[in-house]
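S.K.: Here's a structure for you.
We did not get these values from a lab; they are worked out from the coordinates using the rules stated. Everything numeric here is computed off the predicted structure, so don't read it as measured data. For neighbour counting, all protein chains shown are included, and Cβ atoms are generated from backbone atoms with ideal geometry for every residue, glycine included.
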Amino acid sequence: MIDPKLLRTNPDAVRASQKARGESVELVDDIVAADEARRSGIARFEQLRAEQNGLGKQIAKAKGDEKASLLARTKELAAKVKAAKEDADAAGARFDELVLGLGNIVIDGVPLGGEDDGVVIETVGTPRDFAAEGFEPKDHLELGEALGAIDMERGAKISGSRFYVLTGVGAQLEFALINLAMAKAAEWGFTPMIPPALVKPSAMAGTGFLGQAAQDVYHLPADDMYLVGTSEVALAAYHSDEILDAESLPRRYVAFSPCFRREAGSYGKDTRGIFRVHWFDKVEMFVHCKPEDAVAWHEKLLGFEKDFLRALEIPFQVLDVASGDLGLSAARKYDCYAWLPTQQRYREVTSTSNCTQFQARRLGIRYRAESGTEHVATLNGTLCAMTRIIIMLLENHQQADGSIYVPEALRPFLGRDSLTA
């Protein structure tokens, strides 16, 4: 949720942000009108309520006909107060409903456009020349099946399409990645967490995943609970309705959790293997900080993601994501795209978003500032999305004999320097 004061003082900035997102500019006008109706309704109610209270004092002193007249007026006023309260509540509910559909304010400098308009701001590493090495690279599924690491057939038998089973060295590889990611995050000062993967609607709505992303989440109607698509949801809601001490900021958390996504709208895309699946495990970083520190923390989170990919010796690019592809809560987002040899292109593996105070306003997360209380800023960053990183390790580090080279940073957690069938 954005600051309602901004809607009153600078609605053009909000309109410009909506336009950059490719979302409804007219929504801003509707919200401004709803806000005016809400505030005038509250003022009307308070005026009538004050008059009602004043009459109560007069009645206590009045006698005879004057008292009868005042009592009649009180009865009439009570009906008006009740109606004014109902009108004010309805106007407030309308405002709240509309403002929840408004995206975060896009930060100046974010590239304009849609999904294909992100700007590459850095390229790290050089893709291998497999032709020069004398062999044609195999894709991750062929490699994974040969190693006994990935079983798509039985995954589909158990749960349906876009499910899989990691077996043998595949499972061991995920455990090694989890431990490497958690160890690195601990070095960077993050507190390890294992939060629930089932959350209340308030947590999902508070982080912005029941707006544009609602079609992609799994809902359990009998319990009115949601399966998370990222542990960002639980880590954001961890401090909901709390006031934090300024001295305790930033709060840094890193969580492991399973993630569930419908992948709505992805019919026919990446159907082979484990690139686009309905369930995967992930290690996610999350920061609660003072608003003035958010930009610096965004750069730090990106730096941590880059450090992790370098440790795995995977070539990658960093994209400054375009305004129309940010998602509801993000004011700016950087994605890391790793090189996928068999597709001869870079594919997304990590993402980090600066959500400014947007999620904290929805979730009621504040801190004690000198001038009173203020909402914190929240940021998130993927450290390791297991299936996609496993894909990149298998394809980028495959050898001509079908074995897989294990990067040095991963060896202490895997106990071997190569994977073989």
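S.K.: Tell me, what is the FRET efficiency for R8 and N179 to the nearest 0.05, using R0 = 60 angstrom and their Cβ-Cβ distance as r? Write out the running numbers ahead of the final one.
M.R.: On the way: r = 50 Å, r/R0 = 0.84.
About 0.75, to the nearest 0.05.
S.K.: Moving on. Quick one: angle between helix 11-21 and the longest Cα principal axis of the chain, in degrees between 0 and 90, rounded to 10, please.
M.R.: Helix 11-21 sits roughly 30 degrees off the main axis of the chain.
S.K.: Hey, another quick one. Aspartates and glutamates near K75 by alpha-carbon distance under 18 Å, same-chain residues fewer than 8 away left out - which ones?
M.R.: Partners within reach: E46, E51, D65, E66, E86.
S.K.: Nearest 10 degrees, 0 to 90: what angle lies between the long axis of helix 386-396 and the longest principal axis of the chain (Cα atoms)?
M.R.: Tilt of helix 386-396: around 30 degrees.
S.K.: Mind checking Rg over Rh on the chain, alpha carbons, Kirkwood formula for Rh?
M.R.: On the way: Rg = 27.0 Å, Rh = 24.2 Å.
A ratio of 1.11.
S.K.: How much FRET efficiency would the formula 1/(1 + (r/R0)^6) give for R272 and S40, where r is the Cβ-Cβ distance and R0 is 56 Å, rounded to 0.05?
M.R.: Details: r = 58 Å, r/R0 = 1.04.
Working from the Cβ atoms, E equals 0.45.
S.K.: For the stretch 4-99, build the charge dipole from Cβ charges (+1 Lys, Arg; -1 Asp, Glu) around the Cα centre, then report which of N10, N53, A20 sits farthest towards its positive end.
M.R.: N53
S.K.: Can you give me the distance in nm between label points at A421 and E51, each placed 7 Å from the Cα along the Cα-to-Cβ direction?
M.R.: 8.8 nm
S.K.: Additional query: Just order 384-393, 103-112, 129-138 by mean Cβ neighbour count inside 10 Å, highest at the front, would you? Each step should come with its number before you reach the end.
M.R.: Details: 384-393: 23.9, 103-112: 18.0, 129-138: 11.8.
In descending order of packing, they fall as 384-393, 103-112, 129-138.
S.K.: Follow-up. For a quick check of your reading of the filter: which chymotrypsin sites (Phe, Trp or Tyr not before Pro) in the stretch 237-326 sit in a DSSP loop and have no more than 16 other Cβ atoms within 10 Å?
M.R.: Within the stretch 237-326, the qualifying chymotrypsin sites (Phe, Trp or Tyr not before Pro) (loop, at most 16 other Cβ atoms within 10 Å) are Y267.
S.K.: Taking the Cα centroid of the stretch 273-341 and of the stretch 182-200, what is the distance between the two, rounded to the nearest whole Å?
M.R.: The stretch 273-341 and the stretch 182-200 have Cα centres separated by 16 Å.
S.K.: Let me ask you something else. As an exercise, use a Förster radius of 45 Å and the Cβ-Cβ distance of A156 and D241 to find the FRET efficiency, rounded to the nearest 0.05.
M.R.: Values: r = 42 Å, r/R0 = 0.94.
Result of the calculation: an efficiency of 0.60.
S.K.: OK, next. Limiting things to C-alpha atoms, what are the Rg and the maximum Cα-Cα separation (Dmax) for the stretch 4-99, in angstroms?
M.R.: When restricted to Cα atoms, the stretch 4-99 yields Rg and Dmax of 19.9, 68 Å.
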